[in-house]
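What follows is one structure encoded as C-alpha cells, with my remarks underneath.
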Amino acid sequence: MSKQELTPEHLLRIIFDYTAKIANERNLNDVLVHMADMGREMIVADRCTVWLIDEQNHQLYTTVAHGVDEIRIPYGTGFVGSSIVSGEPIIIKDAYEDDRHNAENDRKTGYRTKSIITVPFRNNDGHMIGAYQAINKLTAIGHFTPRDLELLSLAASYAGKSLESVMLHQEIIDTQREIISKMGEVGEIRSQETANHVKRVAEYSYVLAIALGMSAADSELLRTASPMHDIGKVAIPDAVLNKPGKLTPEEYEIIKSHTAIGHRLLRGSKRELLHAASIVAEQHHEKWDGTGYPNGRKGEDIHIYGRITAVADVFDALSTERVYKAAWPLEKIESFFREQSGRHFDPAVVEVFFGQLPKLIAIRDSLLDFEDDSV
C-alpha cells in the first residue's frame, strides 16, 4: 500500500526532532542511525543508507543501512561511488536500466531495488566525507523526484557538518582508549603477564557490567578503564616484582603499593576515562569483607568498578596458563568463586559471573596467548 507525501507541518516536525537528536548525540553509530532514519522519513523511502569514506583502504562503507549489516565496496563503484567521485547527486527511476547497479545483491537478498537517490555530503571544510542513499520510493509515484533531492540535500548538508564534530570526538575517545590500553600492557609485561591479559579483563568487565544492569555508556567506560588496573606496577622494582621465590612481608607491602601508586598517577585528571581508571587501579584488590588493600574498604564502599574488575582479574589469573603455572580446571574455578562470594567478592557480581561464564570462556578462548585446554 502506497504512503502519502508528508505535509509541510509533518516534515518540519521530523526535521526538528532529528536535528535535535543528532545535535545532542556523541556516539558515532547512534548519529548515523538518526541520519538514516531522518533521510528515510523525510522522503518516504523504504530504506536509507549512510555511506562513509575509508580513505586508508580506498573503500566506501556503511555500518548503518536499513535491512542489512555492514557493507564495504571499492571507492568509486556503484551509484554511491559515482556520486561521491563526481560530487553530484544521482536520481535513478529504475536501477535495472543502469549499468552501475549490482543486481547480484538483490539476487542474494531477495530484495528488489527499483528507484534510487544518492546525495553526497561534505564537512565544514568542503571535504567529501560520505553520502546518503535512499532506495524505493513508497508513495504512488514510485520514484524519487526533484523535491526529494532538495529535501535529502538539506538533510545531507546539516548531517554532514554535524557528523564531522562527532567523528572528531570519536577519534579523541579512540585515541584515549588506545593509550590507556597500551599503558596497561606496559604494567602487565613488566610483571611477566601478557598484553592479552588486559584485553581479556577489559572484555570480561564489560560483559559483567552489562549483565549487572549498568548503562551501556558506563559499561563501555569500565571496559576502557580496566586495562589500567595494574599500571602502578611500573614503579615496582624488578627484583621484587619478578622475584621467583616467596616474598618477604616487606616485599609484599611493596607489591601492594602498586594500587596506591596507580591511583596517584591517574587521580589528578579531569578526564572521565582517567578518573575511572584511577578508581579501578586503587580498588581492584579490595575485598567485600574488608580484608583487602590498600584501604580495607568493605562492601559497597568499594566502587562497583573495583568490584567488577576484581572478579574479572582473578578469573583471568586462574583460567589462563602462564609460564609459571597451569590454568585451573573449570570445576576448581567455580568452587573458588562460590567459596569467596561474600568474602573476597561482591555476591551480586559472583551471581552474574556464573550466569555469564560461557560468554567469558568464549572471550578467553578468542584471546588466548597460546594453546590451553585446561578449562
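The values are calculated or read from the model by the stated rules, or taken from the named source; none is laboratory data. Just so we're clear, the structure is a prediction, and the values are computed from it rather than from any experiment. Using ideal geometry, Cβ is built from the backbone for each residue, glycine included, and neighbour counts are taken over all protein chains shown.
Taking segment 287-301 only, how many residues are of a type in the set (Val, Ile, Thr) and crowded, with 23+ Cβ neighbours inside 10 Å? Break it down stepwise before answering.
Of segment 287-301, the ones of a type in the set (Val, Ile, Thr) are 291.
From what's left, crowded, with 23+ Cβ neighbours inside 10 Å: none.
Here the count works out to 0.
So that you can scan it fast, the table gives a plain yes or no per residue for (1) within 22 Å of Met167 (Cα to Cα); (2) surrounded by 15 or more Cβ atoms within 10 Å (Cβ to Cβ); (3) aromatic (Phe, Trp, Tyr):
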{"position": "Met42", "(1), (2), (3)": "no, yes, no"}
{"position": "Gly81", "(1), (2), (3)": "yes, yes, no"}
{"position": "Asp99", "(1), (2), (3)": "no, no, no"}
{"position": "Ile116", "(1), (2), (3)": "no, yes, no"}
{"position": "Asn124", "(1), (2), (3)": "yes, no, no"}
{"position": "Tyr132", "(1), (2), (3)": "yes, yes, yes"}
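What residue, among those in segment 1-32 that are of a type in the set (Asp, Glu) and out of contact with any Lys or Arg (no Cβ under 9 Å at 6 or more places or on another chain), is nearest to Ser165 (Cα to Cα)? Please lay out each step first, then the result.
First pass over segment 1-32, keeping only residues of a type in the set (Asp, Glu): 5, 9, 17, 25, 30.
Applying the additional criterion that residues be out of contact with any Lys or Arg (no Cβ under 9 Å at 6 or more places or on another chain) yields 9, 17, 25.
Numbers: Glu9: 29, Asp17: 19, Glu25: 10 Å.
Among residues in segment 1-32 that are of a type in the set (Asp, Glu) and out of contact with any Lys or Arg (no Cβ under 9 Å at 6 or more places or on another chain), the one nearest to Ser165 (Cα to Cα) is Glu25.
Residues that are out of contact with any Cys (no Cβ under 6 Å at 6 or more places or on another chain) and part of a loop (DSSP other than H, G, I, E, B): does segment 28-38 have at least one? It would help to see each step written out before you state the result.
Filtering segment 28-38 down to residues out of contact with any Cys (no Cβ under 6 Å at 6 or more places or on another chain) leaves 28-35, 37-38.
From the residues that got through so far, the ones that are part of a loop (DSSP other than H, G, I, E, B) too are none.
Checking segment 28-38: not a single residue is out of contact with any Cys (no Cβ under 6 Å at 6 or more places or on another chain) and part of a loop (DSSP other than H, G, I, E, B).
Might you check whether a residue that is among the aliphatic types (A, V, I, L, M), in a helix (DSSP H, G or I) and more than 22 Å from Ile210 (Cβ to Cβ) occurs anywhere in segment 306-316?
Residues of segment 306-316 that are among the aliphatic types (A, V, I, L, M), as a first pass: 308, 310-312, 314.
Right, trim to in a helix (DSSP H, G or I) and you get 308, 310-312, 314.
Next cut, more than 22 Å from Ile210 (Cβ to Cβ) only: none.
The answer is no, given that none of the residues of segment 306-316 is among the aliphatic types (A, V, I, L, M), in a helix (DSSP H, G or I) and more than 22 Å from Ile210 (Cβ to Cβ).
Can you give me the number of residues within segment 1-18 that are out of contact with any helix residue (DSSP H, G or I) (no Cβ under 6 Å at 6 or more places or on another chain) and part of a helix (DSSP H, G or I)? If you could, list the steps in order and put the result at the bottom.
As a first pass, look at segment 1-18 and keep what is out of contact with any helix residue (DSSP H, G or I) (no Cβ under 6 Å at 6 or more places or on another chain): 1-13, 15-17.
Next, only the ones that are part of a helix (DSSP H, G or I) stay: 8-13, 15-17.
Adding up the residues that qualify gives 9.
Among all residue pairs at least 6 apart or on different chains, which show Cβ distances below 7 Å where the first residue, located in segment 106-117, is within 9 Å of Lys137 (Cα to Cα) and modelled with pLDDT of 80 or more and the second is among the polar types (S, T, N, Q) and not in a loop (DSSP other than H, G, I, E, B)?
Lys114/Asn136; Ser115/Asn136; Ile116/Gln133
Any residue at all in segment 352-375 that's surrounded by fewer than 19 Cβ atoms within 10 Å (Cβ to Cβ), small (Gly, Ala, Ser), in the same structural domain as Pro244 (by TED's automatic domain parsing) and over 14 Å from Val207 (Cβ atoms)?
no
Just give me the residues in segment 100-154 being outside any helix (DSSP H, G or I), among the basic types (Lys, Arg) and closer than 16 Å to Met42 by Cβ, in sequence order. Quick ask: steps written out before the conclusion?
Applying the first criterion (outside any helix (DSSP H, G or I)) to segment 100-154 yields 100-102, 110-145.
Checking the rest, the ones that are also among the basic types (Lys, Arg) come to 100, 112, 114, 122, 137.
Hit for segment 100-154 is Lys137, nothing else.
Taking segment 317-340 as the search range and keeping residues that are of a type outside the set (A, V, I, L, M) and in contact (Cβ under 8 Å) with a residue 24 or more places away in the chain, which one is surrounded by the fewest Cβ atoms within 10 Å (Cβ to Cβ)?
Of all residues in segment 317-340, those of a type outside the set (A, V, I, L, M) come to 319-322, 324-325, 328-329, 331-332, 334-340.
From what is left, the residues that are in contact (Cβ under 8 Å) with a residue 24 or more places away in the chain are 319-322, 324, 328-329, 337.
Values: Ser319: 23, Thr320: 25, Glu321: 17, Arg322: 14, Tyr324: 8, Trp328: 19, Pro329: 13, Phe337: 20.
Filtering first and then ranking leaves Tyr324.
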